[in-house]
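*Asks:* This structure is in structure tokens; I'll ask about it shortly.
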There are 2 protein chains.
Amino acid sequence: MGVLERKLRQKEEVRNSILTAAWSIIQTEGWQALSIRKIADAIEYSVPVIYNHFESKEAIMLEFVKEGFRQLRDHIQAQLSEEDRSCQQLEIAGKAYWQFAFANQATYQLMFGMGLPPCERARQVPEIQSFSTMLVSLIQKVIDHSNQPDTNAFLKFHTFWSILHGLVSIQMINRSATPDELSELVLEDAIYGFIKALVV
Amino acid sequence: MGVLERKLRQKEEVRNSILTAAWSIIQTEGWQALSIRKIADAIEYSVPVIYNHFESKEAIMLEFVKEGFRQLRDHIQAQLSEEDRSCQQLEIAGKAYWQFAFANQATYQLMFGMGLPPCERARQVPEIQSFSTMLVSLIQKVIDHSNQPDTNAFLKFHTFWSILHGLVSIQMINRSATPDELSELVLEDAIYGFIKALVV
DNA sequence: TTACAAAAAATAACACTGTTAACTTACAGG
DNA sequence: CCTGTAAGTTAACAGTGTTATTTTTTGTAA
């Protein structure tokens, strides 16, 4: 008598179809073009059904923000080595961050500012915490080869993240969508500067 | 027979009233809440009149982006000294940038990404050029005490701007709207790191 | 002063948006 | 088979940017 289970499974399926439909719209037309009616058309349900699964359009987009932070964390972590505690790890992390941003531009733009009112975000996205923690402990390792994050490591993490996000943003705003030679140089320059200031 | 002049003057007045109305809406309700009808209500004209002065709502917002870059440039330049060519000038510039961003949050958010599709921007805002030029020549001065900008200075400018914008963005997204003690530390840390990498 | 052309402004519409109240249909349990 | 609940629908509300059409105003020449 798994009728309830089946219903839950069906509900989950609809939820997923909403997310995949929304995602395909964002990818093909950009997050500005995402609309509830377009999603409803794509999943072949009426509009109010979507509101049985998500509180609002923003809640749907927040789902991708969360996914984005998880993926970003995993993408960076995948390229780091557990043993190596040298500052080259920071270079790897920085370049991985950069690479993720331009390989997933729609996601990255959704993650940062565009489309969502700024201050609500952090509170609604605990994934940011998880992402932050990873980078903090990476820096901690580089600083003093320990695993106990202190205030200084947090401060340095904040600086590091800011530099990376700034590089990506300015690149996306100012030049074309795909990074060129010069910007790669700028990236290396900035990371190098950060490391230099860190280890001395 | 200054009837034509009077008409031009009146047209200019309406244009200005549109901008001031739009600006007051942005300041009180945020740029998300700006709408053509609200502007029309405020200036006591019908909606299509606005389209005789601006091509679109985005064109109106772009006007504030331009103003923003002009003001940012002037704000920084006002705090620099012509004679001093030490790297402390960079610290001053960096802190002035930071201060401007949080003293003019609506403007800053309008200038960077939020609300406008990214890639069109740079082409439509020549003021970015002017702002960039100022910072490039500042860095050139610090590097080799000359006034001839070279590729290296441009690269360093890009890095510097990225760091600053990153700091502001992460602060606005992650923490509260007003910067706290820790973030001031991060700011100094980042600027210090940049200068250190620059002069050595 | 009146007639007329041209410029200015207003109305009203189009095609959308997010969101929700009210109604209908489908379906499982008694 | 009937009934109550839950799922899904239609239709509406209150907006949005933008524009075609119509009206009003205004300056000029007869």
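*Asks:* Looking at the structure I just gave you, is A:Cys87 modelled with pLDDT under 80 and within 16 Å of A:Leu164 (Cβ to Cβ)?
*Replies:* Numbers: modelled with pLDDT under 80: yes; within 16 Å of A:Leu164 (Cβ to Cβ): yes.
Answer is yes for this residue.
Residue by residue, here is whether (1) closer than 24 Å to B:Ser183 by Cβ; (2) at pLDDT 80 or above; (3) away from every other protein chain (no Cβ under 13 Å) holds:
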| position | (1), (2), (3) |
| --- | --- |
| B:Gly94 | yes, yes, no |
| B:Phe100 | yes, yes, yes |
| B:Met111 | yes, yes, no |
| B:Cys119 | no, no, no |
| B:Ala122 | no, no, no |
| B:Val125 | no, no, no |
| B:Ile128 | no, no, no |
| B:Asp144 | no, no, yes |
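*Asks:* Does at least one position in segment A:9-20 carry a residue that is away from every other protein chain (no Cβ under 14 Å) and more than 14 Å from DNA strand D (Cβ to nearest atom)?
*Replies:* Taking segment A:9-20 as the starting set, the residues that turn out to be away from every other protein chain (no Cβ under 14 Å) are A:9-20.
Narrowing the set further to residues that are more than 14 Å from DNA strand D (Cβ to nearest atom) leaves A:19-20.
Yes.
*Asks:* Between A:Asp180, A:Asp189, which is more than 9 Å from chain B (Cβ to nearest Cβ) and either surrounded by fewer than 17 Cβ atoms within 10 Å (Cβ to Cβ) or at pLDDT 80 or above (or both)? Give the steps one after another, and end with the answer.
*Replies:* Numbers: A:Asp189 fails: more than 9 Å from chain B (Cβ to nearest Cβ).
From the options A:Asp180, A:Asp189, the qualifying one is A:Asp180.
*Asks:* Next up: Suppose we keep only residues that are touching an Asp or Glu at 6+ places or on another chain (Cβ under 9 Å) and acidic (Asp, Glu) within segment A:43-92. Which one would you say is farthest from DNA strand D (Cβ to nearest atom)?
*Replies:* Per the criteria, the residue is A:Glu91.
*Asks:* Starting from residues that are within 14 Å of DNA strand C (Cβ to nearest atom) and in contact (Cβ under 8 Å) with a residue 12 or more places away in the chain, keep the ones in segment B:15-37 and report whichever is nearest to the chain's Cα centre (by Cα).
*Replies:* Per the criteria, the residue is B:Gln32.
The values are calculated or read from the model by the stated rules, or taken from the named source; none is laboratory data. Keep in mind it's a predicted model, so treat the numbers as computed, not measured. All Cβ positions, glycine included, derive from the backbone under ideal geometry; neighbour counts span all protein chains shown.
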